[in-house]
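S.K.: I am attaching a structure below and will ask some questions about it afterwards.
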Amino acid sequence: MSTAPGVDAPGTTPSTGAAIVRAAAALAAELAAGGWLTPDWADAWDRVDREAFLPERVWVPAHDGYHRLDRTTDPARWRTLVHTDTALITQVEDGTRAPEFSLRPTSSASMPRMVASMLALLDAHEGHRVLEIGTGVGISAALLATRLGDDAVASIELDPVVAADARAALHRAGHHPHLTVGDGTHGSAERAPYDRLLSTFSVHTIPHAWITQTRPGGRIVTPWGSALYNGVLLVLDVDADADSGPRASGRVVGDAAFMWERGQGVRGAVMDTVSEQDPGVPGSTTLDPRLVIDDRDAAFCVGVFVPGVRRSVGRPPGAAPGDDEFTLWLVDADTRSWACVDHTPGTDVSVTAAHGPRPILAEVEAALTWWIDHGRPERTRFGLTATSNGQTPWLDDPSNPLPAGKSRPDTRP
């Protein structure tokens, strides 16, 4: 809720209003102390109350799934989590009938530290026009409007229910940015061009509309990833290339595990593709499958080289915590292909099996070999250049693209 320090929000008692102001300021102070909040955004965070944008019912991520939390039944815990640096699920595909562990989140309020970091990377200044892709609960739109003014901010949301709730919350808080309902992958041409574009969901492929609707010299900040690794955060600067037209190019700046854009997400369990009646073609490998599971840099690189492949890990029944015996499953649902690698501690060769037309295991082996041969580069050494002709990942510099034939950027719409 947008209120000046010490001023009570409409409809609250003085003590409640003062508590809200203190809670918002305390969260801002926590973010600043952790290095997430830059000084130019401090005032906006002091004035925007996260509580005003969260629904009565949320789901809290936990090691065994998502636990429902209702403000009406546990108001103290609800308020505590709202005013701390915690991601909260605000919409699920089935919040009443499905078991808690099987819920599929479809909208969320991101961790405040991630919101603050992305806004800082956006580098928006007075006079800039900003397009937010994915309004969500409306917190980022409120922060942008507080800092830049309502007329400078446009936000688009695919889900009409989520959009209506965000609009109501923003209006109650005194904010009136330009809000629309639609497919954010098409951008929002009505108010283009923009100086800055911020996406609040992950994509495999940078939509070209984002590039054409951003001014040359402008910036795009978006989560990006692969089916294997979700994900990282990209900061792309836009310019006009004489040959390819508008392009966006920039590097990975850190991790950012966001929900997928709904058209690019993958439904269904990984193991749905594996047929128990088909044992697959047997084989072996000398590459360590633990790299794909435990090493984030390796997993990221493999995901870039081997798009569309997801993973799952199976362990023997009754395995104790810390046991290092497992099976790595790699699956491409589109081609109904899979591969598995059985890892046994103390052995240098792992038994494998594969099925389907796509040689998943060979692709993963080639990706890991490339990664090892190039000194095991960290994921922040990678970047991406996107044009109307597609997108090209690179290492260290756009002049050093990943090798053709190995790098197969995911070009699903």
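The values are calculated or read from the model by the stated rules, or taken from the named source; none is laboratory data. If you're wondering where the values come from, they're calculated on a predicted model, not measured in any experiment. Counting neighbours? That spans all protein chains shown, and the Cβs are built from the backbone with ideal geometry, glycine included.
S.K.: Among the numbered criteria (1) free of Cβ contacts under 8 Å to residues at least 60 places away in the same chain; (2) on the phi > 0 side of the Ramachandran plot, which single criterion is violated by Gly231?
M.R.: All conditions pass for Gly231, except number (2).
S.K.: So, one more: Tell me, which strands (runs of 3 or more DSSP E) wholly within the range 207-302 include 3 or more residues that are at pLDDT 85 or above and in contact with a helix residue (DSSP H, G or I) (Cβ under 8 Å, 6 or more places away or on another chain)?
M.R.: Numbers: elements: 214-225, 230-241, 245-255, 281-285.
The strands (runs of 3 or more DSSP E) meeting that bar are 214-225, 230-241, 245-255.
S.K.: Looking at the range 43-70, which of its residues are in contact with a Lys or Arg (Cβ under 7 Å, 6 or more places away or on another chain) and either assigned to a helix (DSSP H, G or I) or basic (Lys, Arg) (or both)?
M.R.: Narrowing the range 43-70 to residues in contact with a Lys or Arg (Cβ under 7 Å, 6 or more places away or on another chain): 44, 51-52, 56-57, 59, 68-70.
Selection gives Ala44, Glu51, Ala52, Arg57, Arg68.
S.K.: Within the range 150-161, can one find any residue that is in a loop (DSSP other than H, G, I, E, B) and closer than 24 Å to Pro216 by Cα? Walk me through it before giving the result.
M.R.: So in the range 150-161, the residues in a loop (DSSP other than H, G, I, E, B) come out as 158-159.
Narrowing the set further to residues that are closer than 24 Å to Pro216 by Cα leaves none.
Among the residues of the range 150-161, not one is in a loop (DSSP other than H, G, I, E, B) and closer than 24 Å to Pro216 by Cα, which makes the answer no.
S.K.: Tally the residues that are crowded, with 23+ Cβ neighbours inside 10 Å, closer than 18 Å to Pro193 by Cα and among the β-branched types (Val, Ile, Thr), restricting the search to the range 212-246.
M.R.: 5
S.K.: If you don't mind, there's one more thing I want to ask. Here are the criteria: (1) more than 22 Å from Gly250 (Cβ to Cβ); (2) surrounded by fewer than 19 Cβ atoms within 10 Å (Cβ to Cβ). Tell me which single one Val162 does not satisfy.
M.R.: Among (1) more than 22 Å from Gly250 (Cβ to Cβ); (2) surrounded by fewer than 19 Cβ atoms within 10 Å (Cβ to Cβ), Val162 violates only (2).
S.K.: I would also like to ask the following. Could you please let me know if Gly35 is at pLDDT 90 or above and outside any helix (DSSP H, G or I)?
M.R.: On the way: at pLDDT 90 or above: yes; outside any helix (DSSP H, G or I): yes.
Here the answer is yes, as Gly35 does meet what is asked.
S.K.: Right, next: Counting just the residues of the range 333-389 that are among the β-branched types (Val, Ile, Thr), outside any strand (DSSP E or B) and touching a Ser or Thr at 6+ places or on another chain (Cβ under 6 Å), which one comes out surrounded by the most Cβ atoms within 10 Å (Cβ to Cβ)?
M.R.: Going through the range 333-389, the residues among the β-branched types (Val, Ile, Thr) turn out to be 335, 341, 344, 347, 349, 351-352, 360, 364, 369, 372, 380, 385, 387.
Among the residues that remain, those that are also outside any strand (DSSP E or B) are: 335, 344, 347, 349, 360, 364, 369, 372, 380.
Then keep just the ones that are touching a Ser or Thr at 6+ places or on another chain (Cβ under 6 Å); that gives 349, 360.
Working: Val349: 10, Ile360: 22.
Restricting to residues being among the β-branched types (Val, Ile, Thr), outside any strand (DSSP E or B) and touching a Ser or Thr at 6+ places or on another chain (Cβ under 6 Å), the top hit is Ile360.
S.K.: Still on this structure: Find the residue count for the range 111-148, including only residues that are among the acidic types (Asp, Glu) and surrounded by 21 or more Cβ atoms within 10 Å (Cβ to Cβ). Outline the logic, then answer.
M.R.: So in the range 111-148, the residues among the acidic types (Asp, Glu) come out as 123, 126, 132.
Next cut, surrounded by 21 or more Cβ atoms within 10 Å (Cβ to Cβ) only: 132.
The total comes to 1.
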